[in-house]
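First comes the structure, then the notes that go with it.
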Amino acid sequence: MTTAETLADADETELIRLEREVARRHLDKFPYLAVVWAFANLAVWLSLWPLVFMGIVPLWLGFLVATLNVSLSYLPSHEAQHDIIAKPGSKLRWLNEAVGHLSLIPLVLPYRLARLTHLDHHKYANHPELDPDFSTHAKSPLHAIWKSILNRQPRANGGLNTYGDTAARHERFDILFEGILYQIAFYGILFALAWSGYAIEAALLWWLPRHIGLTYIQYYLSWAPHHPGDEQGRYRNTRGFRAVLGNIGSMGMQYHIIHHLHPRIPLYRTPKAYWDMKPILEARGCRIDNL
Amino acid sequence: MEKVIRSVFYIGPLIFGFGFLTPLIAQIIVAVGWTPPFGLSALATGLIVGGALGVIAQIRGRWV
């Protein structure tokens, strides 16, 4: 069995070989869960609207379910952003793109913008100017939640605002325009619902769940796995950690280090890949706090 | 076009205050059965409170 001790004398070539060997065992697995999750989550969220409007589901319950839906809407698209469902040119590519676009609707985040910025995040993780998620860096858990809220204020520069800057830096004004259209559509729908007598429903099925979901997503998908985020480089720009809410409560982010090393390993395989790769990560000096 | 979009986004807090918070506050007042003071209607109260919050957020650049 490979342990950190037996790898102590392994050279760079050997470590790379072993790491790739482990990664290969977890790559190219079809993420059934992510596909079902994407469509089921969207279907539940969409069905809440008529069910609440007709009084079949009470609004308080609709609010709780909608908050869960919005919080769960990012990860299936994240699998699509890395072409995990289907690579470009393959038969099921349409499914990859459908999951990518549709799952993000409750979050009001255009897929192409999410993909562009997320790939930049991988490329420049923890770089103050080039990492689109750098503004989520914070000193403590409470500070991270507060920063997420502050980044959504009207004249804030961080958070999703940096996504627009990233699209502009890449001169992808088509993607930037798409982001603007999403915002106009979102607020247009909210205002129309509000002035039609459904303001409370609009607030509790979309507006507030989106704020709570964004905070949760930015906390567990961005802040926690990169904290303290003061180092760059393949083996030090993220970490393994033990989340208070566990692996499911943190949406699989305890093993985020595996995702950054091998982004095409599906989310559901990252725990197994982590335990297989742990001695190599230790030999590399990766941060695997309490995990 | 770009100027128009920038201007609309710049006054976002005002638009949100009048466009969303006004009806939201009015409908909450009706839902909880509260009677606004000075004989104000629920919508007028929503307009005053929602509009004021929007103006404050517009000036401060933040809601919180």
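Kindly establish whether residue B:39 is surrounded by 12 or more Cβ atoms within 10 Å (Cβ to Cβ), of a type outside the set (S, T, N, Q) and either more than 9 Å from chain A (Cβ to nearest Cβ) or within 11 Å of the chain's Cα centre (by Cα) (or both).
no
Would you mention how many residues in the stretch A:48-84 are in a helix (DSSP H, G or I) and closer than 26 Å to residue A:23 by Cα?
The total comes to 8.
When you go through (1) part of a loop (DSSP other than H, G, I, E, B); (2) within 13 Å of chain B (Cβ to nearest Cβ) one by one for residue A:192, which number turns out not to apply?
Failed condition: (1).
Take the stretch A:79-99 and flag every residue that is touching a His at 6+ places or on another chain (Cβ under 9 Å) and of a type outside the set (A, V, I, L, M, F, W, C).
Hits for the stretch A:79-99 are A:81, A:82.
Name the residue, out of A:29, A:87, that is of a type in the set (D, E, K, R), outside any helix (DSSP H, G or I) and without any contact (Cβ under 8 Å) to a residue 12 or more places away in the chain.
Answer to the selection: A:87.
List, please: which pairs have Cβ atoms under 7 Å, are six or more places apart or on different chains, and start with a residue in the stretch B:1-26 that is at the interface with another protein chain (Cβ under 8 Å from one of its Cβ atoms) and over 18 Å from residue A:192 (Cβ atoms) and end with one that is part of a helix (DSSP H, G or I) and of a type in the set (Gly, Ala, Ser)?
Hits for this filter: B:13/B:54; B:13/B:57.
Given the conditions (1) at the interface with chain A (Cβ under 10 Å from one of its Cβ atoms); (2) among the aliphatic types (A, V, I, L, M); (3) surrounded by fewer than 18 Cβ atoms within 10 Å (Cβ to Cβ), and given that residue B:56 satisfies all but one, which numbered condition is not satisfied?
So residue B:56 meets the others, but not (1).
If you scan the stretch A:239-264, which residues turn out to be in contact with a Lys or Arg (Cβ under 8 Å, 6 or more places away or on another chain) and touching a residue at least 60 places away in the same chain (Cβ under 8 Å)?
A:260, A:261
Just so you know, all these numbers are worked out from the coordinates, no wet-lab data involved. Keep in mind the model is a prediction, meaning the values are calculated, not measured. Please note: Cβ atoms are built from the backbone with ideal geometry, for glycine as well, and neighbour counts cover all protein chains shown.
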